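Where a number appears in this text, it was derived from the coordinates with a stated rule and is not lab data. Since this is a predicted model, take the numbers as computed values, not measurements. So basically every Cβ, Gly included, is an ideal-geometry build from the backbone, and we count neighbours across all protein chains shown.
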């Protein structure tokens, strides 16, 4: 029992001095505990935000990949492409458009539209290079813009026939 003749809160006989000696939290220890919990919760929230935002930032800013230094590629066999037809060929990390104009004449251009980087294709009926994204057309012989929104002509490549193989290379 305490000095007033009452029992402790849980039925045991503890004096106020014993309770004041450490069982009751002081205002300073309560403040430091609250501060610690605030830091832990804040740190957890910050870690969660970083774990969500980091992949998004990495996706929006992809790593710089250098293009393989390719100056010449094979466009396939001569017999694979009939006159007045075209096909897409991989030229390094970008596509190229190879067109067989006639039995002996070949043309090759970058297959990347200068407007929005869409892949262009050869239209056999109009004898033009066409971009399906915004209906841009290019001249087959020069790669210049005929109509549509593309601002610049297509980059032209050199084409040579070596035996039965067609070789596309960058112009010097």
With the Cα gyration tensor of region 72-170 giving a ≥ b ≥ c as the square roots of its eigenvalues, does the rule (a/c under 1.5 for rounded; else a/b larger than b/c for prolate; else oblate) give rounded, prolate or oblate? prolate
If each residue's Cβ is checked for other Cβ atoms within 10 Å, how do 166, 89, 41 rank with the fewest at the top? 41, 89, 166
Hey, fewest Cβ within 10 Å first, where do 82, 94 land in order? 82, 94
How do 106, 39 rank when sorted from fewest to most other Cβ atoms within 10 Å of their own Cβ? 39, 106
